[in-house]
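One structure is given here, and the rest of the page talks about it.
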Amino acid sequence: MHKTWLIIKREYLSRVRKKSFIVITLLVPVIFILFIGLQVFLASGGNREVQHIAVIDETGQFRGKLKDGENIHFSFVGSSDPSAYRQKYARQGYTGLLFIPRFELDKPEGFTFYGQNQLGLGAYSYITGQLDHVIEQQRMVAAGIDQAQLDAIKADVSLIQAGSGGGDTTYITYAATAVGYIAGFMIYFVLLFFGMQVMRGVMEEKTNRIAEVIISSVKPFQLMAGKIVGIAGVGLTQFLIWLVLGLVLFFVAGALAPGLAQQAAAVQNAQPQAQQAAEVLHKVHDVVTALPVTLIIVCFLFYFLGGYLLYASLYAAVGSAVDHDAAESQSLTFPLTLPLILSFFIMFNAIQQPNSPLSVGASLFPLSSPLVMIVRIPFGVPWWQLALSMLFLVLGFLLTTWIAAKIYRTGILLYGKKVTLREMGKWLFRKG
């Protein structure tokens, strides 16, 4: 145990004292914030492709009824000859030409768009949606249905979810989605980044023949365990720093929200911006009280450590079986990376459908549970599923550690030979 501790200490201190540790610790939150900001920027229409579309309407029934969107603007032109106007619409500053022919109301067809490029999915859906809406209105008029009466019949319902304190809880659902997505993405980053670090560290020691010296005084399993736990400590230190900073900001915002909201609401003749700010602050406070923050933090740390130890042991085994051949290492790490990639895609499905059979099954399976279960927790998970998932992850870690130890003790001293997965499988049953 003392020798294992010395290896852990060496691996931890040698990495924490590097400048790269400080740079990554400070840079990753900045990159993550920029990534979220980029998503918000794109979602809010910051990267707009504006389309100015000329419209030739032979029916005369669409003029003034095609509504402009944020990125699409319609302009009706007088020409009724689309073949002639196709030659000059671009010179007049239009990006496309929409031709609406005469058609039968029960069988609308012949609508044509001319443009130098194909329409994107968003533009195509918006244009066809506008055409459909106008035709539906014409059909209602033909059927004697009053549009005003139809609008009066429509309802806008919001759900009050039990245990949320009342009111519209849509934003709490959005907050649970965001928390699950961020936690899952961070664990995915940890498993992939630090797992590869373990593999590269083992490969370097093997290539430089340092492992031969170390193995003379410690057992292969002690070396592998010390390296895995030491690098895990580095990752855990970074995440604890990020977690503390994040929690400070989160709870400060939650604590200040009610007071700031009351001050904003107390301002006489409050501007709409102040009222919106007050609503946002109230919602932040509601999110802090509605989500199981303590459970999310505890489970995040558990699945972070459990998932890392499970995958890191396998990456260490692969690193011990290869030399400096990058192609060989890639072929052997693909079976380890594939479950992570599949789990990452299943994670998005679990955010949309947290209790679907696929989401529940993937949250119990050890290779995918670190990513999938953590995104389900903000939405509420039955205690027996959470307990079973944790148990399976612990058993999976013990199994992968046994497998990795069998491969490691043979591969760490094997040089000059290309190893296959089949041969690594034989090492599992080799005695001695």
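The values are calculated or read from the model by the stated rules, or taken from the named source; none is laboratory data. Remember, predicted model here, so these are calculated numbers, not experimental data. Cβ sites come from the backbone with ideal geometry, for glycine too, and all protein chains shown count toward neighbours.
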Exercise. Quick one: in segment 62-100, which of the residues that are at pLDDT below 85 and among the charged types (D, E, K, R) is surrounded by the fewest Cβ atoms within 10 Å (Cβ to Cβ)?
Worked result: Arg91
Exercise. If Thr59 satisfies every condition in (1) at pLDDT 85 or above; (2) within 30 Å of Lys227 (Cβ to Cβ) but one, which is the exception?
Worked result: (2)
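Given the structure, is Pro382 loosely packed, with under 13 Cβ neighbours inside 10 Å and farther than 30 Å from Met203 by Cα? Before you say what the answer is, go through the steps one by one.
Details: loosely packed, with under 13 Cβ neighbours inside 10 Å: yes; farther than 30 Å from Met203 by Cα: yes.
Yes.
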Problem set entry | Sole exception among (1) surrounded by 11 or more Cβ atoms within 10 Å (Cβ to Cβ); (2) at pLDDT 80 or above for Arg17, by number | (1)
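Taking the stated definitions as given, is Phe334 modelled with pLDDT of 85 or more, in the same structural domain as Leu245 (by TED's automatic domain parsing) and of a type outside the set (D, E, K, R)? Give the derivation first.
Values: modelled with pLDDT of 85 or more: no; in the same structural domain as Leu245 (by TED's automatic domain parsing): yes; of a type outside the set (D, E, K, R): yes.
No.
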Exercise. For segment 365-402, what are the residues that are at pLDDT below 90 and among the aromatic types (Phe, Trp, Tyr)?
Worked result: Phe379, Phe397, Trp402
Exercise. Hey, Leu310 hits all of (1) among the hydrophobic types (A, V, I, L, M, F, W, C); (2) exposed (fewer than 15 other Cβ atoms within 10 Å of the Cβ); (3) at pLDDT 80 or above; (4) over 21 Å from the mean Cα position of the chain (by Cα) but one; which does it fall short on?
Worked result: (2)
For this session: For segment 35-52, state whether one or more residues are at pLDDT 85 or above, within 35 Å of the chain's Cα centre (by Cα) and β-branched (Val, Ile, Thr).
Result: no
Seminar exercise, completed: Among Ala90, Ala84, the single one that is aliphatic (A, V, I, L, M), in the same structural domain as Arg139 (by TED's automatic domain parsing), farther than 29 Å from Ala142 by Cα and assigned to a helix (DSSP H, G or I) is Ala84
Problem set entry | Conditions (1) surrounded by 10 or more Cβ atoms within 10 Å (Cβ to Cβ); (2) under 28 Å from the mean Cα position of the chain (by Cα); (3) modelled with pLDDT under 80; number of the one not met by Val23 | (3)
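Do we find a residue being assigned to a helix (DSSP H, G or I) and either farther than 26 Å from Lys206 by Cα or of a type in the set (Val, Ile, Thr) (or both) anywhere in segment 324-332?
Here is the first cut: in segment 324-332, the ones assigned to a helix (DSSP H, G or I) are 326-332.
Keeping just the survivors that are either farther than 26 Å from Lys206 by Cα or of a type in the set (Val, Ile, Thr) (or both) gives none.
Checking segment 324-332: not a single residue is assigned to a helix (DSSP H, G or I) and either farther than 26 Å from Lys206 by Cα or of a type in the set (Val, Ile, Thr) (or both).
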Exercise. Within segment 8-29, which residues are under 20 Å from Val229 (Cβ atoms) and touching a residue at least 60 places away in the same chain (Cβ under 8 Å)?
Worked result: Ile8, Lys9, Arg10, Glu11, Tyr12, Arg15, Val16, Phe21, Ile24, Thr25
Exercise. From the residues in segment 111-122 that are without any contact (Cβ under 8 Å) to a residue 12 or more places away in the chain and either touching a strand residue (DSSP E or B) at 6+ places or on another chain (Cβ under 8 Å) or closer than 14 Å to Thr95 by Cα (or both), which one is surrounded by the fewest Cβ atoms within 10 Å (Cβ to Cβ)?
Worked result: Asn117
For this session: Scan segment 93-133 for residues that are among the β-branched types (Val, Ile, Thr) and part of a helix (DSSP H, G or I) and jot them down.
Result: Ile127, Thr128
